Each structure stands twice: as structure tokens, then as C-alpha cells.
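J.: I have a structure here, written as C-alpha cells, and I will follow up with some questions on it.
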Amino acid sequence: MARRALLLLWCLSLLAAPAAMAAPDLRASPERATDGVYRLSWEADGAARFELQESDGAHFNPARTLYTGADTASVITGKPDGEYFYRVRVLGESGPGPWSEPLQVTVQHHSLARALQFFVVGALVFAVLLAVIIRGAREDRDTP
Amino acid sequence: MNGPETAVLPAGIAWGILGAFSVLWVFLGWYLGRRARTVDDYMLAGRNVGLALATATAMATWVTTNTTMAAPQFALQLGIWGMVGYALGSVGLILFAPLAGRIRRLMPGGFTSGDFIRLRYGNTAWRVFLVISLIYGLGWLISLGMAGGVLIEALAGIDYRVGMSVILFICVLYTLLGGLRAVIGTDFVQTILILVGLVILAWLVIAQVGFGEIHVTVSEQRPELLNLLFPAAIMFLFNNLLFGVGEIFHSNVWWSRAFAFGRGVGKRAYLMAGLLWMPIPIVAGFIALATPALGINVPGADMVGPLVAGELLGLAGAIIVFIVVFSALASSVDSVLAATSDLVTRDIYKGHLRRQAGEREVYLAAKTIVVVLGTVTWALCMLRLGTLGAVLQFLGAFVASTIMPIVAGLYWRRTNPWGVIAAMVLGTVIGLYSYFAIGFYVAALVSAAISMALVLVTTWLWPRDFQWASLREEPLRG
């Protein structure tokens, strides 16, 4: 009976002990961006504050802190072509937790030639539309 | 949480503003609509709306999530061209000016854009058009409901679902009470609030943030936003212009106003509304570029406008933004609800299900359909599908396919109806493919181009004669 009670106490003590902080789960959507826009999101059970870092390399040397606070997502925009690395960690009351695995995001914009092709098609469609409306409105005005 | 870390507006103040303006809208809806007894009164405000109200309602309806919430999102994502691209949305209103005059002359007794397609191109084209139009109407309503929820969550920290539900409920209630007369009347008040609010906001932004600091931080941290050769943004320019044109040319929101405005009013009203609207997305979008300078984290791209305004301008700014965006949303939700309800009532209920329905039955059906549409929108808003911008631009593939069929139908006597059907179907399908294969910034452009090519080729090869007098038929009148 005493052994069972001791075992129970030991189990309870395990539950009460502070759990080691786990690294947050970091994701990017999309991981390959053709317009320099992507959204980073992360989660960790019970964590209240986070630190998000960005770097040009997987070793984060040097690294730039993008955000510190309670949000669990961040939208990145306006990035030129390149490889970008991100990591995030929990900022607990007893100090920072471990960093998440580095997450790589690739930015490769559409080619300028492709963009200009769409621009020309758009301009052409607009010009034809304008011509039809102007001519139609003129004939409409002249019709009694 | 995926929402912002700190809410600028205390929840109590947010509920207070929401409550006060809700009472105002509902009262105006009841007051303005209390004399509506006939279908013409309820759906088309008696067909005699004057220039001031006509301009205000066109402008207020077009100042929507596009301008107040999604314009900052696109400035954040696509930079300078994102703002300019949104300003080009006014081209649709300006180009609709001559069309409105012609619509009024060709169809003095018309009710919906569906009426025109049915009489001009026949039943098959009508049904294809109805599918496109209903998907768009519902999609627009969803984006508006979402914007309401996102706004309240971003500024006041109130749960998205709660804020969205309250806003939709209020808009359904006053649209139900007064029909189009209430919608146009409240639009007038809402336009004044939007314009005054934006002027104050712009003045506060200029006074508090220097252009130099914004330029330096954006160049360092988000350089593509200032790049005039930013590929996706270059594609976006004409895409957004054509998306706006497609939205306005096909949607019953704008056709119902063309029928409701007094003789000779529509042309001037749409032209003035377009010119007055143009600077609004520039003002609304600009503040998003202050994000790096202020070190604000943006958890969701569609939250950026309210977040920056709240952070930058504190409580006063948050209150102004809240009132401006709530007015803009309300003015659009009611308009889309009313116009989509008209389309469902006339073209589906009366046109397909109950052809023998009398005027009283149609009048009651219109009110019931407002409630059903509101409920369906609410249910879909709860799912929160994508960001505002993504939901809106998805619809571009649908609406841009109707541009050439509408224009060619109004001005050309020999447009081929089967060419029009192929244009709407293939334009939409290929536009949707482009949305997923390339990006949201080409969907409307591809759809409009395919549709235009098909209408031009089929009309040139197989012209079909049409008598304009056929458009004066009113077989579906209640």
C-alpha cells in the first residue's frame, strides 16, 4: 500500500515539475514565393511570447530579430530574389527556450519579360474596350 | 493567437460605436423605406433618384473592402503599383457612365442585369451569366463580412466571429426594412462619414510620419515595394483595372442603380463617383508602407490598415478608422445584399421557379431572399477562407469574362450569342487556371483577354442580327 502511495506521489511530482520548453513548430506559406510575399506562422503549447529571427544563411550569423511578442504569425513582403532563413523560440519566464529548426524560404520573382507580356496583353484589352465604348457612345449620342 | 498582440481600441468603445451606428442605420432604413409598397419602390427606389444621392450611392458602394481594407493589403504586398492598381479600380465606374445612359434608354422597364442578358442573348447565356453573377455576389458578400470581423478583431481584439456576425445582422436588418431606397439613403450618410474620416486620417498621418523615414526603412527592409519593375505588381496593374471593370459592368449592384436613377442622371453620377473615388485607395494604401518604419508585426496581410492606423494614431485614429471602415462596409453589404436579392428574386424565383407569381408574392420573396443570402454569407464567413485579397481576386476570373459580352451586347447589333456563352465559360475557366498556376494578379486579365478574343472572332465569323426593340419586353414583370 505504502509502495503504491509512493509511486503515486512520484507520478504527481513528475506532472508538477516544470516541463522543458519545446522549440516552436515554424511554417511558411508558401515556401517558394514568386512575388516576394509569404506568411510565417508558429505555435508552441502554453507559450506567451516568441522571438523570430531572419538570416541569409542557415547558421544565422549574423541574424536579425524581426519580432518579439505574443503574435504567432508574421507576413513578410517586398523581398528581392534570394534564400531567406527563419527560426523562432519561446521567451519564457525562466529564459529563452531552444530555437526551432531553421526554415528556408526561396524568393524567385517572375521574369520581367513575362510580366511585360501580361502588361501588353492587359493594355491591348483595355484599348479595344475603350475604343468600342467611345465609338458606341458617339453613335448612341448621334442616334435620335 | 494569429491576431494582433495588442488591441488599440477598448472593446467597450468598439461595442459602443457599433451599437450607436447600428441604431442609426436601422432607423434610417426603417424611415426611408417606410413608404415602399410596390416592387418598383422596394427594388428600384421608385426609379427617380437624383444626382446627389446617385453620386453618393455609387461612390459609397465602391468604397468597400477593396479600398479600406484590401488596398493597404495590396500596398503591403505589391508596393507603389499596388496602390496605383487599386486607384485604377475607378476606371470601371467612369467607363460605366456611358453604359448607364444607354441601359436606361434601351430598357426603361428593366429590373436586373440578368434581364438584359436573357433578352439579348437567350436563356442559355442567361443561365451561365446567373451562375457567374451569383458566385460573384456571394463572394463579395463573404469578403465584406470577413472584413467586418477582421476589422473588429484587429482594432478591438473582439473575436472575428462575433464581430462579423453582428455586422452582418445589422446590415440584413436595415436592408430588409427599406429596400434600395434605404440602401441609397444610408449610402449618402456613409459617404460623408467616409470622406470626412479619410481626410482627418490623411492629415494625421502626414503630421506624424515623415515621408523620408518611410522611404528609408522600406528601401532597406522591403525594397521590392518601391521597385517600379516589380514583376508581380506590373501584372497586377491591368488585372485590377479589368477586375474592377468586370465587377461593375456585370453586377446587378450597378445595373439596379442605372434603372433606379432618374433620366439623364446615371451618366453624370457614375463619372463623378469614379473621379471622386480615385484618390481614396492611395490614401488608404499609403499607410501600409509605414509598417517597417513603425516596427509593426502584421500577422495577417488584410489586417495591416487598421493595425497601422491604430498604432500610429492611437485611440482617436482607431475610432476614426473604425467608423470609416464600418460605414464603408455597411454601405457595400447592404447594396450587394439588395442587388443580389433582386437578381435571385427576378431571375431565379420569378424567372425559373414561380413564373406566375404576382407582385405581392415577388415583393415578399425579395425580403425572404435577403434573409437567406445573409444567412448563407454568415455561414461561409465563419469558415474564414483565405485573406480578403485572395477571396476578392479569385472572383476576378469570373467577372472579367463578362466585360466584352456586356459591352458588345449593348453597342453591337451583330454579336453572336454562342460566342458570348463560350467567352463567359472559357474566360472563367482559363482565368481560374491562371489564378492557381501563375498568381491572383493575372486571373481577371487572362479571363478578360480570352473572353474578348472569343467575342470578336465569333462575331466577325458568324454575325447574328438583333432588334434593339426586343429589349423593351418585360415578360417577367411581377
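J.: Mind checking the angle between helix B:11-33 and chain B's longest principal axis? C-alpha axes, 0 to 90 degrees, to the nearest 10.
T.: Rounded to the nearest ten degrees, it is 20.
J.: First measure r as the distance between the Cβ atoms of A:ALA48 and B:ILE282, then evaluate 1/(1 + (r/R0)^6) with R0 = 41 Å and state the FRET efficiency to the nearest 0.05. Let's see the in-between values first.
T.: On the way: r = 39 Å, r/R0 = 0.95.
Efficiency, from the Cβ-Cβ distance: 0.60.
J.: Let me ask another. State, as an integer percentage, the relative contact order of the stretch B:174-312 based on alpha-carbon contacts under 8 Å between residues 6 or more apart.
T.: For the stretch B:174-312, the relative contact order is 29 percent.
J.: Could I ask something else about it? How many nm is it between the label spots at B:LEU275 and B:ARG355, if each spot is 7 Å from the Cα in line with the beta carbon?
T.: Between B:LEU275 and B:ARG355, the simple spin-label model gives 4.7 nm.
J.: Right, here's the next one. If you plug each phi of the stretch A:55-62 into the Karplus form 6.51 cos²θ - 1.76 cosθ + 1.60 with θ = phi - 60°, what whole-Hz ³J(HN,Hα) values come out, in order, with x for Gly and Pro?
T.: 8, 7, x, 5, 8, 6, 9, x
J.: Shifting gears a bit: Which angle between 0 and 90 degrees, to the nearest 10, do you get for helix B:359-383 versus the longest principal axis of chain B when only C-alpha atoms count?
T.: Rounded to the nearest ten degrees, it is 40.
J.: Now for a different question. Give the ranking of B:TRP15, B:TRP30 by solvent-accessible surface, highest area first, calculated with a 1.4 Å probe.
T.: From most exposed to least exposed: B:TRP30, B:TRP15.
J.: Let me ask something else. For B:ALA58, what charge total do you get from the other residues with a beta carbon under 12 Å from its beta carbon, if Lys and Arg give +1 and Asp and Glu give -1?
T.: +2
J.: Same structure again: Rounded to the nearest 10 Å², what accessible area does B:LYS350 show when all protein chains are kept and the probe is 1.4 Å?
T.: Approximately 10 Å² for this residue.
J.: Ok, one more. Grab every C-alpha pair in the stretch B:328-478, bin the distances at 10 angstrom width from 0 up to the longest one, and report whole percents.
T.: Pairs per bin, as whole percents: 11, 25, 33, 26, 5.
J.: Give a residue-ordered list of calculated ³J(HN,Hα) values for the stretch B:100-105 (Karplus: 6.51 cos²θ - 1.76 cosθ + 1.60, θ = phi - 60°; whole Hz; x for Gly, Pro).
T.: So the Karplus estimates, Gly and Pro as x, are 4, x, 5, 4, 4, 6 Hz.
J.: Whole number please: convex hull volume per residue, Cα atoms of the stretch B:271-319, in Å³.
T.: In the stretch B:271-319, the Cα hull volume divided by residue count equals 86 Å³.
J.: Could you work out the helix-only [θ] at 222 nm for chain B, with each DSSP H run of four or more residues adding -39,500 (n - 2.57) and the total divided by the number of residues, to the nearest 500 deg cm²/dmol?
T.: -25500 deg cm²/dmol
J.: Could you work out the per residue convex hull volume over the alpha carbons of the stretch B:82-164, in cubic angstrom?
T.: Measuring per residue, one finds 143 Å³ for the Cα hull of the stretch B:82-164.
J.: Another question about this same structure. Ratio to report: Rg/Rh of the protein assembly as shown, with Cα atoms as the point set and Rh obtained by the Kirkwood method; give two decimals.
T.: A ratio of 1.02.
J.: Given the stretch B:312-365 reduced to its alpha-carbon atoms as identical point scatterers, what log10 I(q)/I(0) does the Debye formula return at q = 0.26 Å⁻¹?
T.: Reported log10 I(q)/I(0), two decimals: -0.92.
J.: Based on the alpha carbons, how large is the Rg to Rh ratio for the stretch B:50-194 when Rh follows Kirkwood? Walk me through the intermediate numbers first.
T.: Working: Rg = 17.6 Å, Rh = 17.6 Å.
My calculation puts Rg/Rh at 1.00.
J.: Does anyone have the angle between helix B:231-250 and the longest principal axis of chain B? Alpha-carbon axes, 0 to 90°, nearest 10?
T.: 40 degrees
J.: How high is the relative contact order of chain B? Use alpha-carbon pairs under 8 Å, at least six apart in sequence, and give a whole percent.
T.: It rounds to 30 percent for chain B.
J.: How much FRET efficiency would the formula 1/(1 + (r/R0)^6) give for B:ARG263 and A:ALA70, where r is the Cβ-Cβ distance and R0 is 51 Å, rounded to 0.05?
T.: Working: r = 59 Å, r/R0 = 1.15.
It comes to 0.30.
J.: Please list the equivalent ellipsoid semi-axes of the stretch A:84-140, computed as the square roots of five times the alpha-carbon gyration tensor eigenvalues, in descending order and whole angstrom.
T.: 56, 17, 5
J.: While we're here: Probe radius 1.4 Å, ligands and nucleic acids ignored: give me the carbon and sulfur share of the accessible area of the protein assembly as shown as a rounded percent.
T.: Roughly 65 percent of what the probe reaches on the protein assembly as shown is carbon or sulfur.
J.: Of all the Cα-Cα pairs you can form in chain B, what percent are over 43 Å apart?
T.: Working: 12662 of 114003 pairs.
That tail contains 11 percent of the Cα-Cα pairs.
J.: What is the sum of charges around B:TRP81, taking Lys and Arg as +1, Asp and Glu as -1, for the other residues whose C-beta is under 12 Å from the C-beta of B:TRP81?
T.: Every neighbour counted, the sum reads -2.
J.: What figure in square angstrom, to the nearest 10, would you give for the accessible area of B:VAL265 with a 1.4 Å probe?
T.: Result for B:VAL265: roughly 20 Å² accessible.
J.: Within the set of other residues whose C-beta is less than 13 Å from the C-beta of A:TYR86, count the net charge using Lys and Arg as +1 and Asp and Glu as -1.
T.: Result for the local shell: -1.
J.: Taking N as the number of residues in the stretch A:31-103, what is its alpha-carbon radius of gyration divided by 2.2 N^0.38 Å?
T.: After normalising by residue count via 2.2 N^0.38 Å, the value is 1.12.
J.: While we're on this one: Projected area of the stretch B:169-280, taken from the Cα convex hull and averaged over every viewing direction, in nm²?
T.: 10.4 nm²
J.: A follow-up question, please. Reachable aspartates and glutamates from B:LYS350, Cα under 12 Å, same-chain residues fewer than 8 places away excluded?
T.: B:ASP115, B:ASP342, B:GLU359, B:GLU361
J.: On to the next question. With no solvent and one point on each alpha carbon, what is the Debye value of log10 I(q)/I(0) for the stretch B:113-222 at q = 0.12, 0.16 Å⁻¹?
T.: -0.76, -1.02
J.: If you don't mind, there's one more thing I want to ask. Would you mind checking which residues have amide H under 5 Å from A:LEU66's amide H? H placed 1.01 Å from N; only 5 or more apart, or other chain.
T.: For A:LEU66, whose amide H was placed from the backbone, the distant partners under 5 Å are A:LEU52, A:GLN53, A:GLU54.
J.: Over the stretch B:297-429, calculate the relative contact order: mean separation of alpha carbon pairs under 8 Å at least 6 apart, over the residue count, as a percent.
T.: Taking the mean separation of contacting Cα pairs over the length of the stretch B:297-429, I get 19 percent.
The values are calculated or read from the model by the stated rules, or taken from the named source; none is laboratory data. Quantities reported herein were computed from a predicted structural model and do not represent experimental measurements. Neighbour counts run over all protein chains shown; Cβ positions are idealised from the backbone, glycine included. When the accessible area is computed, the model is the full protein with side chains, heavy atoms only, and any ligands, DNA or RNA have been set aside. Shrake-Rupley method; radii C 1.70, N 1.55, O 1.52, S 1.80 Å.
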